[in-house]
Amino acid sequence: MPIFEYKCEKCGRVEEFLVLPGEKEPLTCRYCGGRLVKLPPQHVGFVFKGSGFYVNDYKKKEEKAKAREEASARGKSGTGGDKKKS
């Protein structure tokens, strides 16, 4: 979502606004009427999807072996939800 932070030059209040493409950006503070200045993005979050680079490429060999053992133990216990039903 295109949520941006703006800071009022007059009162110093910081607010977030949802500004969609094609919409005008807010220019004045709704509390004091001062000029709003767009702040640079500060909290950028992202999620790695898929099997993951750490597990595949950078994990220590001992940890990989332990993870494989745990995965096989879970598979034998019958709690695996990814098995096909017949």
inquiry  = So, in the stretch 1-15, exactly how many residues are surrounded by 10 or more Cβ atoms within 10 Å (Cβ to Cβ) and free of Cβ contacts under 8 Å to residues at least 24 places away in the same chain?
reply    = 5
note = Within the stretch 16-37, residues touching a residue at least 24 places away in the same chain (Cβ under 8 Å) and assigned to a loop (DSSP other than H, G, I, E, B) come out as CYS32, GLY34
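Look at the stretch 1-59 and say how many of its residues are among the polar types (S, T, N, Q) and at pLDDT 80 or above. Even if it seems obvious, please write down each step before you answer.
Taking the stretch 1-59 and keeping what is among the polar types (S, T, N, Q), we get 28, 42, 51, 56.
Restricting the remaining residues to those that are at pLDDT 80 or above gives 28.
Qualifying residue count for the region: 1.
The values are calculated or read from the model by the stated rules, or taken from the named source; none is laboratory data. It should be emphasised that the depicted structure is a prediction, and the values quoted were computed from it without experimental measurement. Virtual Cβ from ideal backbone geometry, glycine too; neighbours counted across all protein chains shown.
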